[in-house]
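The next block holds one structure in the form of structure tokens; read it before the comments.
The values are calculated or read from the model by the stated rules, or taken from the named source; none is laboratory data. Just so we're clear, the structure is a prediction, and the values are computed from it rather than from any experiment. Cβ placement follows ideal geometry from the backbone for every residue including glycine, while neighbour counts extend to all protein chains displayed.
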Amino acid sequence: MSYKYLYSILLLLCPIILSVNTYEAFQFPKMMFVYIFGFFIITLFLTHKVNLWEKITLGSRPVAIYLVAFSISTVLSSHIYTSVWGYYSRFVGGLMSAIVFYGLYIVGINVFNRKRVLGILEVGALTVLPLSVYGIIQHYGYSYQRVHSTIGQPNWLAQYIVMVMPVILYSSLVKKSNFWSLVFLLCYACLWFTYSISGMLGFIVMLAFFLYFLFREKLLNIRITFLLVCMIAFSLLNPGIFGDRVKSIFQDMRKITEAAIVVHAQEGQLSDPGVIRLGIWQGTLALAFSSLKNFIFGTGPETFPYEFQKFRPAGLNFSSEWDFVVNKPHNYYLELLAEQGVVGLVFWGAVFVGVFRKVPFYLKAGLAGYLVTNIFGWPTVNTELLFWMFAAYAGAKTDE
């Protein structure tokens, strides 16, 4: 079977795979699928190369150095098993997942040219059609306050949609395709129903980047205008819980400035997520700067849940999540700093910049949205897979 079909299957199936027979119904089965299918692709590639004694291109230097830094952080980890396999239930983000994504990147830059990678991304984008339809059904059919479709969590779903939407929008405009225009609008409806603030911020940045290029190149047309009008109308007709979220932010800000503060855990009401995140970020920074070793190489990939508790701010005990075990800092860059140190953070940044510089404008738009959503969240299996496909484009040959 051709590699393009294997990669297309990987991108098509990964977002919609789930299991009701595992403790973690979404990320775990997706990661297991990537392990099995990914290692099959890598083994097939290596077997072919060894048999023919062909040279293997190892990709850009920052990518290789980042993997080395990741490995060093794993060896020095406070909990090596977790750093190798990932935090329990998810098993994503450890050294093994980094190796399989790196392997898929290496295979991609060796067997595809850039045009082929773009074709695979377009085929992979088709999976958002059932994903978005299912999310919309969740909203109208099952009264979900915030939809998650087959991704598992509203913010994860929003981040994935933000990354893939530029591919869909570009196909809609270039091919003048009503089908892709419909898919784009369904994507937006599903994104809106996640009611994810980080997702909408990422979407706004992504769309602004996309529109800026169209304006600069004088490519704005009636189709993009129609899509914008449809999105604005849909948002106004379906305000959802965004209005309540804004009110909640102002209420929390007013409470903070009041002289008398009630110092007991909140019961029966939820604290504003932004206030909770600020507390978590404060503790994460304290963890990262707690020792020279932690600052340089971190505590080890995926060890945040074990190490954060000693630096957890007391203020979190008076929030509605006072009894939660925090397993992520809800900021990927702080997560990199705490778990992989400044070395991991710097080289991840170098990889990102290298990819961003070489991809076409619409993939740049997706990466810009991805960058924003990571301020409030972290990559999942689906967005990691997309990111490394973008990286494969950056490293692939430009000839036919």
Out of the helices (runs of 4 or more DSSP H) lying entirely within the range 78-131, which hold 1 or more residues that are among the polar types (S, T, N, Q) and surrounded by 22 or more Cβ atoms within 10 Å (Cβ to Cβ)? 80-85, 95-111
Considering only the range 22-40, I want to know if a residue exists there that is over 19 Å from W378 (Cα atoms), part of a loop (DSSP other than H, G, I, E, B) and either in contact with a strand residue (DSSP E or B) (Cβ under 8 Å, 6 or more places away or on another chain) or not acidic (D, E) (or both). yes
Condition met for G366 (surrounded by fewer than 21 Cβ atoms within 10 Å (Cβ to Cβ) and either within 13 Å of the chain's Cα centre (by Cα) or at pLDDT 95 or above (or both)): no
Select from the range 342-400 the residues that are outside any helix (DSSP H, G or I), acidic (D, E) and either in contact with a helix residue (DSSP H, G or I) (Cβ under 8 Å, 6 or more places away or on another chain) or closer than 25 Å to G94 by Cβ (or both) and list them in ascending order. E400
Return a yes/no flag: does the range 341-353 have any residue that is touching a residue at least 12 places away in the same chain (Cβ under 8 Å), on the phi > 0 side of the Ramachandran plot and touching a Phe, Trp or Tyr at 6+ places or on another chain (Cβ under 7 Å). yes
From the residues in the range 41-77 that are of a type outside the set (S, T, Y) and not in a helix (DSSP H, G or I), which one is nearest to G300 (Cα to Cα)? L76
Take the range 14-43 and flag every residue that is modelled with pLDDT of 95 or more, surrounded by 15 or more Cβ atoms within 10 Å (Cβ to Cβ) and among the aliphatic types (A, V, I, L, M). I16, I17, M31, M32, V34, I41, I42
K310 being part of a helix (DSSP H, G or I) and closer than 25 Å to S196 by Cα: no
Which residue, of V123, V107, V100, is in contact with a Gly (Cβ under 7 Å, 6 or more places away or on another chain) and hydrophobic (A, V, I, L, M, F, W, C)? V100
For the range 248-289, enumerate the residues that are of a type in the set (S, T, N, Q), at pLDDT 95 or above and not in a helix (DSSP H, G or I). none
Search the range 209-234 for residues being farther than 17 Å from S171 by Cα and surrounded by 15 or more Cβ atoms within 10 Å (Cβ to Cβ), and hand back the single one that is farthest from the chain's Cα centre (by Cα). C230
Going by the structure shown, is L336 crowded, with 21+ Cβ neighbours inside 10 Å and either at pLDDT 95 or above or in a helix (DSSP H, G or I) (or both)? yes
